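Structure record follows, encoded as structure tokens.
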Amino acid sequence: MSVPLYFSVSVCTGDITQKGYEKKRGKLLAPYIPQIQGVDPSLQIDNRIQASSQAVLPGSKHNKSRAANTRDERFRSDLHTEAVQAALAKYKERKMPMPSKRRSVLVQSSVEACTPPDTSSASEDEGSLRRQGRLATSTPYQGHGHLAVEHWFNRVIQGSSTSSSASSTSSHPGGRSVTTTNTTAHAPKVGLAFDLLTPDAPLITDNHSAPPDVTGLSERSSLHAERPQVASVRGVSRGYIHHTSVMETADGVPVNSRVSSKIQQLLNTLKRPKRPPLREFFVDDFEELLDVQQIDPNQPKPEGQHTSPLEGEPLGVVNNWPPSLPAALQRWGATQPKSPCLTALDNAGKPVYTLTYGKLWTRSQKLAYTLLNKLSTRNEPLLMPGDRVALVFPNNDPVMFMVAFYGCLLAELVPVPIEVPLTRKDAGSQQIGFLLGSCGVTLALTTDACQKGLPKAQTGEVATFKGWPRLLWFVTDGKHVVKPPKDWHPPIREASNDIAYIEYKTSKEGSTMGITVSHSAMLAHCHALTQACGYTEAETITNVLDFKREAGLWHGVLTSVMNRMHVISIPYSLMKVNPLSWIQKVHTYKARVAVVKSRDMHWSLLAQRDQRDVSLSSLRMLIVADGANPWSISSCDAFLNVFQARGLRPEVICPCASSSEAMTVAIRRPPELGVPPPGKAVLSMGGLSHSVIRVDTEEKLSVLTVQDVGQVMPGALVCVVRVEGTPYLCQTDEVGEICVNSGSTGVAYYGLPGMTKNIFETIPVTSSGIPVSDRPFTRTSLLGFVGPDSLVFVVGKMDGLMVVSGRRHNADDVVATALAVEPMKFVYRGRIAVFSLSVLHDERIVVVAEQRPDASEEDSFQWMSRVLQAIDSIHQVGVYCLALVPANTLPKAPLGGIHISETKQRFLEGALHPCNVLMCPHTCVTNLPKPRQKQPEVGPASMIVGNLVAGKRIAQACGRDVAQLEDNDQFLYIQDVLQWRAQATPDHPLFLVLNAKGTVASTASCLQLHKRAERVATALMGRLNTGDHVALVYPPGIDLIATFYGCLYAGCVPVTVRPPHPQNLATTLPTVKMIVEVSKSVCILTTQAIMKLLKSKEAAAAVDTKSWPMVLDTDDLPRKKSPQMYKPPTPEMLAYLDFSVSTTGILAGVKMSHAATSALCRSIKLQCELYPSRQIAICLDPYCGLGFALWCLCSVYSGHQSILVPPLELESNASLWLAAVSQYKVRVTFCSYSVMEMCTKGLGSQTEALRVSLCLQVLSATSLCICVLIALRNVNLSCVRTCMVVAEERPRIALTQSFSKIFKDLGLSSRAVSTTFGCRVNVAICLQGTAGPDPTTVYVDMRALRHDRVRLVERGSPHSLPLMESGKILPGVKVIIANTETKGPLGDSHLGEVWVSSPHNATGYYTVYGEEALHADHFNTKLSFGDTQTVWARTGYLGFLRRTDLTDASGERHDALYVVGSLDETLELRGMRYHPIDIETSVIRSHKSIAECAVFTWTNLLVVVVELEGSEQEALDLVALVTNVVLEEHYLIVGVVVVVDPGVIPINSRGEKQRMHLRDGFLADQLDPIYVAYNM
């Protein structure tokens, strides 16, 4: 380390230019810097130098700053930047999956890109600048184009070594050659990872007992570090994986796609837990309590003495001091009328107007007289003394503001200064409105120019802003005010405790409070400031701050008048154009005092080289109003460095600390007052996070350098108290909140007595609980301590405090770390917002920054990854979310800063529209519940005994007994029933099909159907053999039914197949082909149109059309004499095959025997009381399951008439089904969820209009609307007794309830809607039917459900999930709930698999592969204990039975079956069982633009796919909201969020999501997503 020291000495001996300095230093250091392959050595050295230069050249006159690559000086200290660079160098190259984004999302919204200087519309305490001659850090290779993205980390390693760790970086093996080019061609879009989990990565365990060694200097590793086990992922090479490489997943499945390689990278980054193992959990049987954060025994604790209150010097007695501020104005107005009071400047910096004390006095008097006497309503004066008045003046018009302010004081009105509302949606404007409303403001004063610029309503009056009270606007320009009569004088009283003015303040949450300041406090504050700053009469002061509030108001409007000072007011708009303006005015007017913020100091550094001839020697005091920001020290140092040569004396820099509530708390006194020298402290950030002060000399990485803010104000008593709980006094080495007791603080929050008591009436107590004073103290919201020489130090503010896992972090410190990661033109440095959100019972840190328009995706992503690493290393805290938004889109505070609370609000509402997002929940969420350990299973016998002991019955139930019920049992075969009906009731109508217009498309009576079936049988008998399988490919209609019976007549086995969609052959035709092949069909029966389609050119593109079996069209079959009908030898013979795609995407065909078919029809007939005189309406697909049975079988068996409504027709006429129900007065109707959804969405908005029966003329909005209205106008649904939704899933209670609610207006009974339940092994297990009790709904605890337990809770209780009964169990059906693993019976209200035994169970799967074991398990299984004789079929659905208090038809208590979800679909995560629908429901609720959602897992990662219904720029808003809601409600971390277009999530004909199809599509990269976010 001796080299750099020797070098800095050699440099300082002579004068040297920056360039020469770099060159010389490079030469000297060259031998000590390891060579990097492939990089020009001079480049290397130059970059290293820039990153580690520490030589200080205080007096160099050639020291120039390049504005092109500037830095935010406020948030800078040498140590900090070095610390960040060293921390980053510690991380080796790690691939992190980069989010993928659709092209259209890459296009930035057009914004004004840059406003000078450098900082887009610079933030209130912001700027960007390199520290002069100190540490010229710039990120390596900045001028050499952007590198291929996979090399980014080498660049960090090789270019960011600092002098403190120059030796460490050379030890990283395998430095890859880096080519620097001037092109911006990028490598393929490959992710980057700071995968902290690669086996050979340097191990950083975050054990708080020993801070991580991030310097790379120490050889020994920390003693406390426990090395976590590394999980291996099979078959993944750690090298760079190209898009096309075939990889294996953790399950060893080879996958070939870009998506899967990214997910693999993500898995690699998550393989090893980053945080230390969690030690202690509290896990109750049901309650999943979150991990309780353990207090680290080694964390630092305060050890010092207890402090005592610190007293400021007494307020001196001043001769002839005015009794009040108006009295002072009166005195100077009368005795020194020509004396200048205020000079206003225009945007060019020229003086526009100088207000003298005489003018201020007379103009204020005029205004006061006018307000009191010339404004009236109904002959009553509008204003009375004590009324509040809003002051709305722009920042470039201090003169009018001052006149208005003093005019109000003279009239004894209370001024409430606020910002000018520019638009109706200004950030925080609504909150200002609430403040005005609560203050009872009815009048607003403004200028003529400002009034003209305000948004206007159509009447020409000023528009009423959102949330604002109705205001009268009064223009205070000369022509509107009246000269008072000679005998009128304003009342000049002594300062009292009445309110003088109200200053607004915005809280951390964004609410706006009004702080009331009394006349006496205002006077005392002026007195204290005059004494502390040594103000004298007629001094000149330059004010750069906002004159409406805080220090700008106190120094530039109030104290200045008290002392007859001359204020030069510099408007913000001038500072943006010319950052040097305030320095020029100090020089021009020989100002003695300047009031600035650290932002203004280094803005001036940007342009200082353009000005040689300014001198700051006249300044005796440079008040830094935000000196309480710990990062202001670097601005002060940098400013002094440069301007010392221009006459600035070091001792005139006077930082001060203040807050709106306590006003000025402390200020560094000017040198002439004989005060101790200023102090600096280098504090350990680790200590500060535990509120402990540790002066840090060794550990250079995470330190905070702070300067003092001087001594306590005269006449004040100050103490430091604990932040939370009882306000105990702190110990000397403890950080707490500073509290002040003095006569010069605010008095209260206007109209908020509760908050006033907390803040303005705190009574600090000693450790023994004794109050330190009988007078109340005001909390300042400043966090700090009292150091040596009674100097006050501030390390942060309550507003920026973020408590994460019990440790305190300051938002400003996190901003500083982010900025120390050299942004290389990726983001606007001054425009970074840091805040915390509460997610899952802890605070989570969010960083939002504005991205430059020219930054590429890869660059921004790289910067984001490095920021995460830096914050992690330096603060030992994980960032939950890092978002980049387009330039100039963050909400601005009045003077250009970022409106933090509004930014947070937009983030939570999903209205921030970021262009890049990186979520890192895996690293920072450490309080998840303990993963559930599977307990050794209780044996089935013990289960039964346990249930008996607990008094619980075994969970089994059955429908009515069929044996005792009379029925036409002579028919074992459905085709015999049709023949019998054709003879007995030939003309009885069986079927009636409707088209989209609602007219009858076709009908069939018993005889007509029989004849058509005969014709089909005749055609088949000559061609096919008995037992052959025949595919029926028909649209919904009579043809399908007739050919089905034709096949039965001919002894063939029919297989109904949905026809391909002509517009979508590519996806629908392969399914047809697959069913035909799997079912071994030897013939296809279809219509002529479909036959052409199957053999068309378009079809040939999708499938091999030559391999179709024989295709017959049945449109024009000849009428031949039919041969003898086929009679099956036994009822156990196969009747038909039922093929369906399950929700898991598996095509499963089941075999239905003749006996099962008849039994099914009989059960449905009995349950629904179906007789020939009945009519039912069916709006279902007729191809499988219960839909097929109702459409093709039940009418023939029971003789009732079925009104058939093909669901496809609803797309062109949403009201078709309901109109049919109403027209035919149907009592029983069936539909699917997709039909119900179509009606709810398509007709929901019209029902209200119908109920009111508005005339059609009024509603001539659109012809479609009218069609729907005409169709629904006469709809009456009061005839419906039961409307059943046919489904194979958990009842969708939200949909059924909204359907009932919407159509209640059309007479639909709220009790009518119910659901059915069937599955592959038995297509109809439950069906509400027409008799029996109404369906019941219970609420269960979702958390217990994850543990396979059912716990009933009250409606509305947290984590409650409503479950609706799935209909009544059908006659002849027995149901039992069995344990999925032991196959033992379970007790009442226990979650298990639903097993079913019934005569209409299917007899088995029909597959090509003949998986006999699967068949036996699903269709013929027995209990392992109890009733071991009954043969059951396993449904594959989880559910529970519960005995209710209702009685069924037989007088027994009713057993309700609740279906929870498909076993195949459940997600096993963290040892618990999740149902996708629960997670999806939460996600859909999280943002209004999420239309649909589906979740699945891939190698233990939870993937959430959301359909975005809105503009694509909302896509990235969803990532954080989705992650939050799943974490908060389900305790799961989302691995990948995929945002897609509406309609991408595949849905089957029953309206069920095909999650596995979606998963396959995602992994094969076929979804064309808008955005894919990989959560780290």
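A compact table of results
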read-out: Residues residue 765 and residue 353, FRET efficiency given R0 of 45 Å [Cβ-Cβ distance, rounded to 0.05]; value: 0.25
read-out: Stretch gain in nm, segment residue 612-residue 1225, where the contour uses 0.36 nm per residue and the Cα spacing is subtracted; value: 211.2 nm
read-out: 5 angstrom amide H check on residue 887, placed H, neighbours 5+ away; value: 851
read-out: Too-long pairs where the Cα-Cα distance tops 20 Å, listed order kept, from 479/548; 1225/1368; 452/597; 508/680; 904/1488; value: 479/548; 1225/1368; 452/597; 508/680
read-out: Theoretical gain in end-to-end length, residue 980 to residue 1063 [0.36 nm per residue, Cα-Cα removed]; value: 25.7 nm
read-out: Check: the stretch 580-739 dipole with +1 on Lys, Arg Cβ and -1 on Asp, Glu Cβ, in debye; value: 820 debye
read-out: Cut-off 15 Å between beta-carbons: net charge of the residues surrounding residue 1521, Lys and Arg +1, Asp and Glu -1; value: -3
read-out: Under 15 Å, Cβ to Cβ, from residue 1227 - net charge with Lys/Arg +1 and Asp/Glu -1; value: +4
read-out: Global geometry of the stretch 1436-1576, whether rounded, prolate or oblate, following the gyration tensor of its Cα atoms and the 1.5 cut on a/c; value: prolate
read-out: Label-point separation in nm, residue 953 to residue 695, each point 7 Å along Cα→Cβ; value: 8.0 nm
read-out: Loop chymotrypsin sites (Phe, Trp or Tyr not before Pro), the stretch 1485-1551 (other Cβ atoms within 10 Å of the site Cβ: 14 or fewer; DSSP); value: none
read-out: Built amide H within the under 5 Å cut-off of residue 728, gap 5+; value: 722, 765
read-out: Over 31 Å (Cα to Cα) - which of 952/1374; 338/483; 366/576; 101/466 fall in this group; value: 366/576; 101/466
read-out: Lysine pair count for the stretch 1074-1174 [Cα-Cα under 25 Å; pairs on different chains or 8 or more apart]; value: 12
read-out: Carbon/sulfur fraction of accessible area - the stretch 1078-1235, other protein chains in place, 1.4 Å, %; value: 54 percent
read-out: Farthest toward positive dipole pole in the stretch 1426-1576 [+1 Lys/Arg, -1 Asp/Glu at C-beta], among 1566, 1494, 1519; value: 1494
read-out: Sparse-neighbour loop sites [trypsin sites (Lys or Arg not before Pro); the stretch 962-1032; at most 16 other C-beta within 10 Å; DSSP]; value: 997, 1023
read-out: Cα→Cβ-extended label distance, 7 Å offset, between residue 1444 and residue 422, nm; value: 6.1 nm
read-out: Efficiency of FRET between residue 459 and residue 1000 - r from beta-carbon atoms, R0 60 angstrom, step 0.05; value: 0.50
read-out: Given charges at beta-carbon only (K, R positive; D, E negative), |dipole| of the stretch 1452-1576 in Debye; value: 280 debye
read-out: Full-stretch length increase - residue 1430, residue 1111 - with 0.36 nm per residue and alpha-carbon distance subtracted; value: 110.5 nm
read-out: FRET efficiency, residue 373 to residue 911 (Cβ-Cβ, R0 51 Å, nearest 0.05); value: 0.60
read-out: Estimated distance in nm for a label pair at residue 1407 and residue 961, the labels positioned 7 Å out from Cα along Cα-to-Cβ; value: 3.8 nm
read-out: Given charges at Cβ of Lys, Arg, Asp, Glu: the stretch 548-629 dipole, positive-most of 553, 606, 563; value: 563
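The values are calculated or read from the model by the stated rules, or taken from the named source; none is laboratory data. Owing to the predicted nature of the structure, the values given are computational and were not obtained by experimental measurement. As a convention, Cβ positions derive from the backbone with ideal geometry for all residues, glycine included, and neighbour counts pool all protein chains shown. We work out accessible area using only protein heavy atoms, side chains counted, and drop any ligands, DNA or RNA first. Shrake-Rupley method; radii C 1.70, N 1.55, O 1.52, S 1.80 Å.
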